[in-house]
Amino acid sequence: AATSSHKADKGLKDYYRKYFPIGVAVNAAAINGPEAELIAKEFNSVTPENDMKMGPIHPRENEYNWKNADAIVAFAQEHHMKIRGHNLLWHAQAPVWMFKDSTGKQISKDVLLKRLKDHITIVVNHFKGKIYAWDVVNEAIDDKPDNYLRNSLWYQICGEDFIAKAFEYAHEADPEAQLFYNDYNSEVPSKRDKICKLLRNLKDAGVPVTGVGLQGHWKLNDPSLQQITEAMDKYAALGLKLQITELDVTVRTGPPRKAGDQTLTDSAYTETMAAQQTERYKAIFEIFRKYKKVITGVTFWNVSDRYSWLDFRGGGIAGGAAATGGTSRKVIKAYPLLFDE
Ligand code: G3I
């Protein structure tokens, strides 16, 4: 909210010049909609929320779909914003064809790595000189404490190798780009230690990794501030840079949502929620400022609550309001972002 000390022409990014870029994830709807001005005013970095992922950008083997991604890049350039690329490899939103041959049979490791190399080379080259940092590998670590890597198709077909290879291909395509490993729950000690193990192994093997992306899909009290600082210390001790890549703070309380569950009631954004969320954002940004030597960017996972992936819509998780276009289905709002409520 505007206060008397808040200058109309200054945005968040200006208050944070001495620290790090303040970024925002966007979709094509947001940069073409009423939020465009707000985005340009408050933020100086942009991440496409979905449009550079493998499925959307490379839907068929010989077909790339640059339209939305190029529009976001053009918007960012027009407004002198930095651009993070998200992402080159993920188990989700990967196109089905990637793992199969023309008869529908699963392909071999050699073929998959060749396809991965082609994909990364072409995508990174397309945006070369425009994108300063890439999330190269997204969410490859398993959440279950006993397992190390996620049992994805990448892992099933290639074993552990795909991770190092992805970084090598990206570095070959653009030696200037900063390359990140990006994950959620990266503050949970058991997962944090596995991420550290992976990154230490990559560094020891001479793989070009710049840093680790902490997604930052957080709640009011979870993770604790102590878990956040401990994780940052551990990652920094490996000589890695840190970016908070997908920050949002859910204020919704009550039982966790389940697909199809219509029993949860929506609640308005109350004064109490606003105060709690303000306190939480304040506390985490105090930490971020303390770590300004290692933190090279903080990005919110969209501009306004209206677009948040966290809103629950009856029958499934939203995937952003853009996916459902202001649905008539039941919506349970998470109110995680800076704008709207
Ligand atoms: O674009 C299609 C549209 O053509 C189709 O009609 C519609 C039908 O549901 O789907 C649209 O795609 C949706 C897309 O968002 C764009 O709105 C997908 O279904 C939906 O699954 C997708 O959700 C995205 C999700 O990643 C995919 O798992 C969210 O917007 C996006 O915020 C979320 O972002 C991820 C990060 O990339 C990685 N970290 C976790 C984070 C939250 O899940």
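The values are calculated or read from the model by the stated rules, or taken from the named source; none is laboratory data. Only a predicted model underlies this, so the values are computations on that prediction, with no experimental measurement involved. A quick note on method: Cβ atoms are made from the backbone with ideal geometry, for glycine too, and the neighbour counts reach across all protein chains shown.
If you go through the stretch 72-83 and keep only what is of a type in the set (A, V, I, L, M, F, W, C), surrounded by fewer than 22 Cβ atoms within 10 Å (Cβ to Cβ) and farther than 21 Å from S308 by Cβ, you end up with just A74.
Among the residues of the stretch 133-154, those identified as surrounded by 17 or more Cβ atoms within 10 Å (Cβ to Cβ) and either free of Cβ contacts under 8 Å to residues at least 40 places away in the same chain or in a strand (DSSP E or B) (or both) are A133, W134, D135, V136, V137, N138, I141.
Pairs linking a residue in the stretch 84-96 that is touching a residue at least 24 places away in the same chain (Cβ under 8 Å) to a residue that is assigned to a loop (DSSP other than H, G, I, E, B) and within 12 Å of the ligand (Cβ to nearest atom), with Cβ atoms under 6 Å and 6 or more positions apart or on different chains, are G85/M52; H86/M52; Q93/K53; P95/P59.
The number of residues in the stretch 26-53 being part of a loop (DSSP other than H, G, I, E, B) and either in contact with a Lys or Arg (Cβ under 7 Å, 6 or more places away or on another chain) or within 15 Å of the ligand (Cβ to nearest atom) (or both) comes to 9. Restricting to the stretch 12-41, name every residue that is within 22 Å of I295 (Cβ to Cβ) and aliphatic (A, V, I, L, M). Scanning the stretch 12-41 gives L12, I22, V24, A25, V26, I39. Is the stretch 242-252 home to any residue that is closer than 20 Å to F288 by Cβ and modelled with pLDDT under 95? For the stretch 242-252, residues closer than 20 Å to F288 by Cβ and modelled with pLDDT under 95: present.
Answer with yes or no whether H119 is without any contact (Cβ under 8 Å) to a residue 40 or more places away in the chain and surrounded by 14 or more Cβ atoms within 10 Å (Cβ to Cβ). When the stated conditions are applied, H119 does not pass them. Within the stretch 42-59, restricting attention to residues that are polar (S, T, N, Q) and within 11 Å of the chain's Cα centre (by Cα), the residue that is surrounded by the fewest Cβ atoms within 10 Å (Cβ to Cβ) is N50. Of the conditions (1) under 16 Å from the mean Cα position of the chain (by Cα); (2) surrounded by 19 or more Cβ atoms within 10 Å (Cβ to Cβ); (3) within 16 Å of the ligand (Cβ to nearest atom); (4) not aromatic (F, W, Y), H91 clears all except one; give me its number. Unmet for H91, out of (1) under 16 Å from the mean Cα position of the chain (by Cα); (2) surrounded by 19 or more Cβ atoms within 10 Å (Cβ to Cβ); (3) within 16 Å of the ligand (Cβ to nearest atom); (4) not aromatic (F, W, Y): (2).
Can you find a residue in the stretch 182-191 that is touching a Cys at 6+ places or on another chain (Cβ under 8 Å), part of a helix (DSSP H, G or I) and surrounded by 15 or more Cβ atoms within 10 Å (Cβ to Cβ)? Within the stretch 182-191, none of the residues are touching a Cys at 6+ places or on another chain (Cβ under 8 Å), part of a helix (DSSP H, G or I) and surrounded by 15 or more Cβ atoms within 10 Å (Cβ to Cβ). Just one of the numbered conditions (1) under 23 Å from R60 (Cα atoms); (2) part of a loop (DSSP other than H, G, I, E, B) is not true of A166: (2).
Among the residues of the stretch 314-335, those that are assigned to a loop (DSSP other than H, G, I, E, B) and either out of contact with any Phe, Trp or Tyr (no Cβ under 9 Å at 6 or more places or on another chain) or at pLDDT 95 or above (or both) comprise G314, G315, G325, G326, T327, S328, R329. Annotation note: of N151, N221, the sole residue that is farther than 22 Å from W301 by Cβ, of a type in the set (S, T, N, Q) and away from the ligand (no atom under 16 Å from the Cβ) is N151. Summed over the stretch 54-100, the residues that are more than 24 Å from D110 (Cβ to Cβ) and in a strand (DSSP E or B) give a count of 5. Of all residues in the stretch 276-313, those being assigned to a loop (DSSP other than H, G, I, E, B), modelled with pLDDT of 95 or more and within 13 Å of the ligand (Cβ to nearest atom) number 3. The residue list K109, K130, K67 contains one member that is more than 24 Å from W301 (Cβ to Cβ) and without any contact (Cβ under 8 Å) to a residue 60 or more places away in the chain, which is K109.
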